[in-house]
Each structure stands twice: as C-alpha cells, then as structure tokens.
Amino acid sequence: MFWLTIASCLSAPADALAFDVWESADGPGSVTLDVTLKWTTTLSHAPDVPLLYPERWSAASLWRMRLDARATPASWLSVNLASVERARLVSEGAGVAGGSFILPGYEDTPYRLFVAEDDLVSVGDTYSLVHDLDRASMSIELGPVRAEVGRQAIGWGRGVLFSATDLFMPFSPLESDREWRAGVDAVRVSFPLTDLVSAEAVGVGGKSEEQSAVVGRVFGYLGDVDGEIVIGRRGEDDMVGASFSLPVGSAELHGEAAAFRVPEPMPDGGGLLGDDIVEKAVVGGSYAVDVGAGVYIVGEYHYSGFGVADIKDASLRLLDSDFAERYARGDFSLLGRQALALQLQYGLSGNWSLGCAWIASPSDGSGVLIPSWTWLFSDSITLEGHGYLTYGEEPEGLIVMSEYGVVPSSALVRISFYY
C-alpha cells in the first residue's frame, strides 16, 4: 500500500520496461513509452446506516491503462505526456461505500487551468469510462537552472502517511495505491544556492483563486539534516511551513509543521497563534529491526487544525461549502484533528512481502487495521492484497460519531502489468 519500499518496487518495473520508441544515432534525442495496466477490485461491508449505505455489502472495480511518453529532443529539453483511460464499476446501492475511501479519487481534480477529461461512457452511479490527460509538461535546463511548465506532479514533505506541507493533491491516509500523484498545472523553476541547498519558485494555476497558488521553497542538506522551508500563498491562505528528516543512531526521525492564515476563522476556532491561524504538524520515525529478512517499522502522529474538534460536528461542517471544498481538495486528511499510525513490513524469501498498518484516532477511539501482502510475480507483474478492518462508533443517521467508524470494512486485490 503506502510503504515506501513497496512504492519503490512498484515504480521500478515501469522504468525498467519502458519501450524505446526512438533513439537518435548521433545525438541525445530519444522517445520512450511506459504502458501500465491496473485492475483493482474491492468488496466492502458497510455500517448499518441505510442513509449512507443503501446496501451493506457492495463491490467496486477500477481498471486503468496509463500511457506515459517521455521525449528528449535535446540534452537541455524534455517533454512528458501521460494519458489515463479508466473504467469504474460499482454495484447497485453501494452509496459512498463503492471504494471511495481506499480507491484513488479523480472527481473534480483541483489546481488545473483546464479539465482534459472526457466522459466517454456514463451509466448512472454504477459505471463510467473516462479519458484523462494527467501529464503534459516541458522541462528546460539552462546551466544550473531548471524550469518545468505544464501539468506535472508536485509532492513535498517528509511524512509517510500524513503530511503538513504537501500542498497539492496529497494522498489520503487510506488510499491503497500511491504510485501516481495526480498532476497539477504549474510553472516550476529551481536553481542551486550552494552545493547542498537549492531553491525553487512554483506557480500553480486553477479555475479560481481557491485553486491557485504561488509558493517559494528552499531545500537541501545541513550536515545530516535533510530539510525544506516553504512559504507562499495557496488559495486564499497565506502559509509557512518546514519539514526535516535526520538519522538518530540507527533510526530515522522526521517531522513537518505548517501554519496557514485563513481569511475567516475556522468554525471550531483558531490555533495557538490566533483565531485566524491554523496549524498542522507531523512527527514520526522509522527503524529497521534485524530479525529474519528484516522488519521495517514506521510510526507517526498527525495534528490538523483544519479538522473538527468534536467528530460529531463533522456532518454539519461538511454542509458548509468552504469546509467541504477544503476537505475535497486535500487541505486536511482527517475529519477530526488527531491521528496515530504504526506500520510494519517484513520481506519474505523471494519476491513476497507482508505488512500491517494501524491508523487510529486518539480522540474518539476508532481506527482501522490494514494487513497487506505483495508478490512481485515477475519484472512486469505485481499482485497485492489489502484488508481494511475498521472499528469505532457507527454513524447515527447522517451524524458521524467517530473518525473511522463510518468507514466500511473492506478487502482489496490489485494486479498491475508493466510493459
């Protein structure tokens, strides 16, 4: 799922198996093409809340074909185009249980000047076939300066499950596939300040001010510390943030913190710095235990001032358009304000690995246990499975009573083909 080692394994085959469409015999010019096919299916058992889940048992399937082309006409110029054809099939009466908590979400992708999506086929709420232009960018390198213009992926921060400084299209903590981050329309210019420190300026465009941003970032190394500082304006919020990671003995420590000045105080009040200041923070660490093939352990704590102080107020808050828009675009990954996470991964002999994650809300006592397995069947085929065993107080009518008690228990299977 979201373990860094699995993400590395999943992305490696696509690079290794890229088609060499064209290569210049007397220069640096080349064109490569990655083709990826993914099939994911889920089976869910929802809480007994007919208003949210008309049918307690439901199933959903997602098919995706991604064509990712990279062209290098010259040593200083490269172009990236990627299109995704995706088909989603959901059983009748699934409601919001149709994989929406654990499958990638694509609806109304923000931070895009134009929507390059075509609904090829749509049958009510049960079936859709969509074409999406997910990457369309050009990179220019002039000496030490690199500029990238167009639709591209931008991911910041040092957190594994949670983030305070990942501003554009962050992944949901429960999202089962983190191989591809949705692209945003941006201009990005980076340049070195010293041998170990660089800076970049980023402008992100959207259809409104709330979906646009101008941000500056300084990142690099100071001794053993890998860190970054981010400052700018995202939507209507002025923000400043920082993140770091560093070795501590044989372990690793990482953290993120950010403060957002919002145009109007949040309904549940502001943070420590004022009524119109919202803070977010992540602190965590990782450690490899020398047992058998090795056990990799990660733990994190996340605080989000954008969430509600009392989870029972979440349903009412979601009726507010500003709150709902912030939640949809990923300003905060929690409905509540706090979360704990612990994950373990163990590599078996051959190409098998087992994992287990636990995400919980210390505020209301709910949580989800996520066992998983991954089998690298070959260089071009990966199989994986995940379980989502949720617990916590279930909703009463449309009132959310706990962070994870509203999430259906589910099983997920995915097969990926890389060509």
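We did not get these values from a lab; they are worked out from the coordinates using the rules stated. Not measured: the values here are computed from a predicted model. Glycine also receives a Cβ, built like all others from the backbone with ideal geometry; neighbour counts cover every protein chain displayed.
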Using the number of other C-beta atoms within 10 angstrom as an exposure proxy, rank H386, H254, H131 with the fewest first.
H131, H254, H386
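How would you order 309-316, 181-188 from highest to lowest mean count of nearby Cβ atoms within 10 Å? Display every interim value, and only then the final one.
Values: 309-316: 16.9, 181-188: 21.4.
Ranked from most to least packed, the peptides come out as 181-188, 309-316.
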In Å, the C-alpha Rg and Dmax of region 329-419 are 16.2, 48
Each label point is 7 Å from the Cα along the Cα-to-Cβ direction; what then is the distance between the points at V123 and A309, in nm?
4.9 nm
Select from E200, E148, E396 the residue whose mean-square fluctuation is largest in a Gaussian network model of the chain (Cα-Cα springs shorter than 10 Å).
E396
Tell me the net charge near H302. Cut-off is 14 Å between Cβ atoms, H302 excluded, with +1 for each Lys or Arg and -1 for each Asp or Glu.
-3
If you add up the charges near G29, with Lys and Arg at +1 and Asp and Glu at -1, over every other residue whose beta carbon is less than 13 angstrom from its beta carbon, what do you get?
-2
So what's the gap between the Cα centers of region 233-271 and region 350-393, to the nearest angstrom?
27 Å
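Could you order the peptides 52-61, 335-344, 241-250 from most to least packed, using the average number of other C-beta atoms within 10 Å per residue? Show your work: numbers first, answer last.
Values: 52-61: 18.4, 335-344: 20.4, 241-250: 15.8.
With the highest mean Cβ count within 10 Å placed first, the list reads 335-344, 52-61, 241-250.
Taking the Cα centre of region 4-418 as the origin, how large is its charge dipole in debye, to the nearest 20, when only Lys and Arg (+1) and Asp and Glu (-1) carry charge on their Cβ atoms? Working shown, then result.
Working: 27 positive and 57 negative charges, 118 e Å.
Dipole size: approximately 560 debye.
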Between F114, L142, V240, whose Cα lies farthest towards the positive end of the dipole of region 4-418 when Lys and Arg beta carbons carry +1 and Asp and Glu beta carbons carry -1, centred on the Cα centre?
L142
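Quote to one decimal, in nm, the extra length available between S321 and S250 on full extension: 0.36 nm per residue of separation minus the C-alpha distance between them. Display every interim value, and only then the final one.
On the way: separation 71, 0.36 × 71 = 25.56 nm, distance 4.66 nm.
Between S321 and S250, full extension yields 20.9 nm more.
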How high is the relative contact order of the chain, in percent, with contacts defined as C-alpha pairs under 8 Å that are six or more residues apart?
14 percent
